[in-house]
Structures are given as structure tokens and as C-alpha cells.
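Trainee: Right, I'll just put the structure down here and ask away after.
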Amino acid sequence: MTESKPNTFRNQPDDRGHFGDYGGRYVAETLMPLVLDLEREYRAAQADPAFQAQFDDLLEHYVGRPSPLYFAERLTEALGGAQVWFKRDELNHTGAHKINNCIGQILLAMRMGKTRIIAETGAGQHGVATATVCARFGLPCVIYMGAEDVRRQSPNVFRMKLLGAEVVPVTSGRGTLKDAMNEGLRDWVANVHDTFYIIGTAAGPHPYPELVRDFQSVIGKEARAQMQDRIGRLPDLLVAAIGGGSNALGLFHPFLDDPDVKMLGVEAAGYGLDGDQHAASLLGGFPGVLHGNKTYLLQDEDGQITEGHSISAGLDYPGIGPEHAWLKDMGRVEYTAVTDDEALDAFQLLCRTEGIIPALEPSHAIAAVAKRAKEMPKDSVILANLCGRGDKDIFTVAERLGVEM
Amino acid sequence: MTRLSAAFSKSRTALVCFLTAGDGDTAANLDALVEGGADVIELGMPFTDPMADGPAIQKANIRSLGAGTTTADVLRIATEFRGRHPDVPLVLMGYANPMIRRGPEWFASAAKDAGVDGVICVDIPPEEDDALGPALREAGIAPIRLATPTTDDKRLPAVVDGSEGFLYYVAVAGITGMQQAAIESIEANVSRIKRSTDIPVAVGFGVRTPEQAGEIARVADGVVVGSALVELVAEHGANAPAKLRELTSALSQAVRTAR
Ligand SMILES: Cc1ncc(COP(=O)(O)O)c(C=O)c1O
């Protein structure tokens, strides 16, 4: 670990896909030639203005970007501290930030001549976004989803089917996101010749963490320009929820070299960090290797992966993108965690103060915002990523609130 | 001469038999494999997330962990096996995380103390092998690499370079326990690999029957059988040793008479 601060936080990973000690390409040999291929193709795409132009065009006219930057006046009043602003990625087509990444990856898949798409999904948002871009480009699509998540996110399962995707419930393990990702990797290994795996967060073997971050960085790039435009300065604090870490990196990355902008990543504390029923890999885990990368993992003393818990299916993952592991060790980003109950309170608070029903994932960010805003002066500015809308979660919330629908 | 090189220096192909540690009475099951004629034992370290394995071995991992198997248990099974079978080579196969949890050096030295001859790690390709491979070599354990149908000629030298004991050719691009690859493709790939290395090449993934094993034995230095044996453990529980002995003898017979 280097002791001195680097002069930029935006030049990771290195050419082997390492973010400091983290990241890399820890995959079975069958996949190695493939991930090397993907990297070559990604470099070519980055250098190709036509690729960027097509990406931008789809984001504007299909996804609906730029997403608004919104001053949450009544929430700010209710909290009585810092001004709270939201980046409204919940207004994107399909209702979350996930689609930004899916557009980028399906364009890459088509560049590579792949004819079949697979993906894993937790909350179903990435599955819906993947099924959406597959319908848009006419490619067959198989979505792996933990059986438990199929149950708690049934509206999204139906959406995926409407969009023409095949949804495969995964029963191994505890039937959540981690198990879906294992099954995605198994499918990929067996179908390397024609299949592209659209990974849904900034994790997995290099170059996935890098390219997912790059595609999601549209969030932070827009927000930076919008903030300058609206208030003539950058925010004091950025806040985002963290499952695998893609919406957070998307917001944070363009600001990493702005020393006055602090950043807070919010993990899911589930029933509390003191037990093992949480999904906070950075705060409650240790470095290890899973799903193609070295990163912080929830695991026991033998290196067996432990199953966490979060009320939010999208945060219920025992790992975290490797760039966050590095940013944590470097001290550039602060990480905290929020319990199910705190997230539920924040969910309801936003509904009533702003008329916005957030997804349970960003509800974690909002809970952290509520705590921090109260401690900050009124002229300071917090920008939080409202990365998904809550339609998919109303059944879960009703159940937890004891409401019969 | 090491136990591994002795097993591969016979004038015939070696039979490599896989079982998951801690799934059933592993000691009795391993003894049955040796009695049946296994030349090399491959002992799977159970992992919660066996990404390269099909349903049979996935379930064996789950059964083993469900029964409470720890890394200490796996090492104890190895140590006791070594005590009963001083000459039979024993290879650990598994995933990176359990192997590096306490540090690669710790694992290499614990495996050495347990009498382990080689280690196969599924998810550490040559590109990431700057800690585990060196630690194993330092401890005198053979790091055994995997080559696959997707390993092209450009990558092959890097894969072969760090491999000791033998090279494991994964015959199908896929997970364990699926259909067998065509013998023509296996033969072509094995001769391709043999052009770039002198170490023995063992072929596995999808090998279930004595007929298949015999066919592969004509073109490779070793044949690996896993899922078919693991399924017998699942099906027969306490009566598995007799069934394992039976299948292993048939496999061994087929391999011995292949050329
Ligand atoms: C709305 C929403 N936010 C956040 C996440 C968590 O993923 P990430 O940390 O990659 O943004 C998900 C995952 O499904 C999600 O659907």
C-alpha cells in the first residue's frame, strides 16, 4: 500500500486492471482470452468517435439524458441543515441508472459480433435494463436472478418477460445476487463463442470495473456541469448508495480530483453491522477474491463467502467494486452504512417531502444525507444520487410496514 | 523423483480421480479410489461459490460445507490420507479465496505439512499468479495450471510456463459434469499442447465412462474423472465406497489397456 497521496485519483486501473492491490482478472482460463479480447475491443471503442457518438445519441434520445439536477427544497427545510440536491437518475428510461451501462455494453457486444446476451440481476433493475437494450437491438437475452429475488422483485420479473427476456431463477446458495452472478459466469464459460455477459455493476474481471465506471460517469459529468451552471460552484459532499458500486462511482469519478468535494458511499447495514445480517463489504468484510476480482468481501475465517442481508435486493451482495476498495484504503472516499429501518424511514420521508418515491437502494443514501445535512451549515451543499425509482419496491415496503395491499 | 512424476512416468496413462473433501466419509471413499486403481487423487476444497462447476460438484460443495467442513478438516483429510498411502500423489483443487485467506505462504506450508503434492487453483490465471504460484513452488508443491480449448497458441506458453507436475487440459469450454468433447478435438489440442511442453498432460471435464476414459487414454498422459464419482457419493452415502471401487476399477482397466 502506498502511503503518499497520488496526484490524481482518476488514473486507475493500471494496465493489468489493478486498482492498487485490488481488481485484476481472477477468472478461469476458459474466460481469460475472452476478457483480454473485451479489453482490446473496449480500447478500440474508446478511440472511435462513432462509438461515443452512438452512445451519446442513445443516452439523449432513448434514455432521456441529461437527467435533471433538482434542489430538494422541502427536504432541505425538514432537515434544517445543508441544502440537499438530487441527481435524478430515477427518471431515466427503465427507472434507474443501470441503463447507462447497458447501452454502452450492448454497443460493445455488437462491435464484437456477439449474438446472445446474458446478465445477472439482484433488484431486477439491471435485468430490466439489459432486457430493454436487447429488445431495442433485437438480441436474445437470458437473465439470471436469485430465486429469493424473483420472489421479492416480482414486478421486475414480469417486466423482463414482457421485454422478451428469459428469466432463469437461481436456487443455489441463498438465491440472491451472488448466486445469480455465479450462474452468469457458468453460462458464459459454456457459451464463450457467441455470448456477451453484460455485468451490472463496477465489479468482475478487468475491464468490467473500468468500463462500467466509464459508462456510468455520465452521471457525474452532467452533475458537475449542472452544479456549476445552477449555483456556480461544486457541491461540498456527494452521497450515493453502494451495492457493487456503479452508481456511486458514476457520480464520484468525475469529482475525484476536486479536493474540496467530499464523498460518502453508503452500504447496507441490514439489521445492523454488529451481527452478520448486513451487506456492508467495506465496513464489515476483508479483502479476498470472488467473481473475477480482488476486493473486500463478506467472508468467514476460511474464506467462505457469507450471505449478507439487506431489505434492498440491489445492495444485497457480499462484494464491492475494486475501485471502491482502493478509494477506501486511500482515504479519498468515506464509507458508512445505513440499516433497513433507517432506509425505510428515509424512503417515507422523501415520499412525503418531495413527492418522489425512491427505490430502496437510494433510500440508503437519503438516510445518510438526513444525518449529515443536520450537521452541516445551511450554505453548504450536498448532492445525492437518486439512482432509482421505488415502483419495484412498494410490495417490500408494504410488507415491512405491515400494510395489506 | 516426486510422487507426481512417478505416477506419470509409467508406460501407461494415469487415472486421476476427483472427490470433494468433507462430502460423505471422505477417508473411506478415497481409500476405495486407491483400491480401485486411481493413480492420482484430486481432492476438492469445498467453496461456497464454485463458479466453474456444474450441478453435481456444486451440490457436493454445498453438502460438505453444510456438514461444517473447514480448511482445517480438508488438511486433516489430506494428512491422514498421506499416512495411509505414502506413495499415492495427492492434489488439492479449489478456488482462490479459501487458498489465500490466511496468506498464500500459510496455505502452501500447511498443504506441504499435510503431504500434498500439487495444487490446482481454478481462478488464478498466469496473469494474477504472482503470489500463490511462487509460494507453492517455494514450499515444494507443484502448481498445476489449466489449459482450455480457448487457450490459443499465443497464450499457451504463459500457461505452460508456470505449471509443474502436470498440465490439466480442460476438454470442454464449460463447467464440470457436462457433455464430453469430441475425441478429435481432444487429440488435436493435446498434441498442440505437447508441442510446447514436456510436462504430462491430463485431460478432464466431461469424462464419465470407462469407454470415454479409454479413448482419451490413447492420446493423453492422464485422464481425470470427477462428477461421475461425486454422483456416486451423493447417491450411495455410506455404501459409496463399494460403488466407487467398482467404477474406478472399470476406469482403471480401460485406461491400462488403452495402449
Ligand atoms: C436503483 C439501484 N440503485 C443501486 C443499485 C446498486 O448497484 P450499484 O452499487 O452498482 O449502483 C441497484 C442494483 O440493482 C439499483 O437497482
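The values are calculated or read from the model by the stated rules, or taken from the named source; none is laboratory data. Predicted, not measured: the structure shown is a model, and the values here were computed from it. We place every Cβ from the backbone using ideal geometry, glycine too, and count neighbours over all the protein chains shown. Each accessible area value is taken on the protein alone, full model and side chains, heavy atoms only, with ligands, DNA and RNA left out. Shrake-Rupley method; radii C 1.70, N 1.55, O 1.52, S 1.80 Å.
Trainee: Calculate, in nm to one decimal, what A:H193 and A:L234 gain on full extension: separation in residues at 0.36 nm each, minus their alpha carbon distance.
Mentor: Roughly 10.1 nm would be gained on extension.
Trainee: Could you pull out every residue, at least 5 positions away or on a different chain, whose amide H is within less than 5 Å of the one on A:G388? Hs are placed 1.01 Å off N in the peptide plane, and Pro or chain starts have none.
Mentor: A:E90, A:A359
Trainee: Among A:A28, A:L177, A:L234, whose Cα sits farthest toward the positive end of the charge dipole of chain A (+1 at Cβ of Lys/Arg, -1 at Cβ of Asp/Glu, about the Cα centre)?
Mentor: A:L234
Trainee: Work out, in µm²/s and without decimals, the Stokes-Einstein translational diffusion coefficient of segment A:147-257 at 10 °C, 1.306 mPa s, Rh from Kirkwood over C-alpha pairs.
Mentor: 97
Trainee: Helix-only estimate, please: 222 nm mean residue ellipticity of the protein assembly as shown, summing -39500 (n - 2.57) across DSSP H runs of length 4 or more and dividing by its residues, to the nearest 500.
Mentor: Calculated from helices alone, the mean residue ellipticity at 222 nm is -13000 deg cm²/dmol.
Trainee: Please give me the summed charge of the neighbours of A:I219: other residues whose Cβ is under 11 Å from its Cβ, Lys and Arg +1, Asp and Glu -1.
Mentor: Net local charge, A:I219 excluded: +4.
Trainee: With springs connecting C-alpha atoms under 10 Å apart, model chain B as a Gaussian network and identify which of B:I186, B:I100, B:I216 has the largest mean-square fluctuation.
Mentor: B:I100
Trainee: Summarise the partner chain shielding of B:143-151 as one whole number: the mean count of Cβ atoms from other chains within 10 Å of each residue's Cβ.
Mentor: Partner Cβ neighbours, averaged per residue: 4.
Trainee: Taking the mean number of other Cβ atoms within 10 Å as a proxy for protection, how do you rank A:83-96, B:201-214, A:62-75 from highest to lowest?
Mentor: For the peptides A:83-96, B:201-214, A:62-75, the packing ranking is A:83-96, B:201-214, A:62-75.
Trainee: Sketch the reach of a paramagnetic label on A:H61 as a point 7 Å from Cα along Cα-to-Cβ, and name the residues of segment A:95-120 whose backbone nitrogen lies under 14 Å away.
Mentor: Inside the label zone: nothing.
Trainee: What distance in nm separates the two pseudo spin-label positions at A:D276 and B:R195, each 7 Å out from Cα along the beta-carbon direction?
Mentor: Spacing of the two 7 Å Cα→Cβ label points: 5.1 nm.
Trainee: Roughly how crowded by other chains is peptide B:44-54, in terms of the mean Cβ count from those chains within 10 Å of each of its Cβ atoms?
Mentor: Rounded to a whole number, the mean comes out at 6.
Trainee: Still on this structure, I have one more. What number of lysine-lysine pairs in segment B:3-256 show an alpha-carbon separation below 30 angstrom, given a sequence spacing of 8 or more or placement on distinct chains?
Mentor: Lysine pair count for segment B:3-256: 7.
Trainee: A further question on this structure: Given segment A:110-186 reduced to its alpha-carbon atoms as identical point scatterers, what log10 I(q)/I(0) does the Debye formula return at q = 0.18 Å⁻¹?
Mentor: With no solvent term, the Cα-only Debye profile gives -0.61.
Trainee: Mean 1/r over all different Cα pairs, inverted: what Kirkwood radius does segment A:283-382 give, in Å?
Mentor: After inverting the pairwise mean of 1/r, the radius is 15.3 Å.
Trainee: For chain A, give me every cysteine whose Cβ has no other Cys Cβ within less than 4.7 Å, ordered by residue number.
Mentor: A:C102, A:C351, A:C387 - these cysteines have no disulfide-compatible partner (Cβ-Cβ under 4.7 Å) in chain A.
Trainee: Sticking with this one: Quantify how strongly other chains surround peptide B:126-134 by giving the mean number of their Cβ atoms within 10 Å of each of its Cβ atoms.
Mentor: Across B:126-134, the average partner-chain Cβ count within 10 Å equals 3.
Trainee: Still on this structure, I have one more. How do B:W106, A:W188 stack up against each other in accessible area, from largest to smallest, with a 1.4 angstrom probe?
Mentor: Descending accessible area places them as B:W106, A:W188.
Trainee: Let me ask something else about it. Based on DSSP, what percent of beta bridges with both residues in the protein assembly as shown are antiparallel, to the nearest 5?
Mentor: About 20 percent, rounded to the nearest 5.
Trainee: State which entries of A:K221/A:K378; A:K87/A:K262; A:K98/A:K262; A:K98/A:K392 exceed 19 angstrom in Cα-Cα distance in the structure shown.
Mentor: Over 19 Å Cα-Cα: A:K221/A:K378; A:K98/A:K262.
Trainee: If a paramagnetic tag sat 7 Å from the Cα of A:K378 along the Cα-Cβ line, which residues of segment A:62-96 would have the backbone N under 15 Å from that point?
Mentor: From segment A:62-96, the list is A:73-84.
Trainee: If I build a Gaussian network model for chain A, linking alpha-carbon pairs within less than 10 angstrom, which residue out of A:I219, A:I382, A:I305 has the largest mean-square fluctuation?
Mentor: So, out of A:I219, A:I382, A:I305, the one fluctuating most is A:I305.
Trainee: Would you tally the net charge around B:P55, using a Cβ to Cβ cut-off of less than 15 Å, leaving B:P55 out, and scoring K and R as +1, D and E as -1?
Mentor: In short, -4.
Trainee: Still on this structure, please answer the following. Output the Cα-based Rg and Dmax of segment A:88-137 in Å, rounding Rg to one decimal and Dmax to a whole number.
Mentor: Calculated on Cα positions, Rg and Dmax stand at 10.7, 34 Å.
Trainee: In terms of the Cα gyration tensor, with a ≥ b ≥ c the square roots of its eigenvalues, is segment B:3-256 rounded because a/c is under 1.5, prolate because a/b exceeds b/c, or oblate?
Mentor: rounded
Trainee: Give me Rg over Rh for segment B:142-259, both radii from the alpha carbons and Rh done the Kirkwood way, two decimal places.
Mentor: Radius of gyration over Kirkwood radius for segment B:142-259 works out to 1.00.
Trainee: Between chains B and A, what is the buried accessible area summed over both chains (1.4 Å probe, protein heavy atoms, nearest 100 Å²)?
Mentor: 2900
Trainee: Moving on to the next point. Taking only the alpha carbons of the protein assembly as shown, what extent do you get along each of the three principal axes, in Å, biggest first?
Mentor: Ordered largest first, the protein assembly as shown gives principal extents of 82, 52, 50 Å.
Trainee: Give me the dipole magnitude in Debye, nearest 20, for chain A about the Cα centre, with unit charges on the beta carbon: positive for Lys and Arg, negative for Asp and Glu.
Mentor: The dipole of chain A has a size of about 900 debye.
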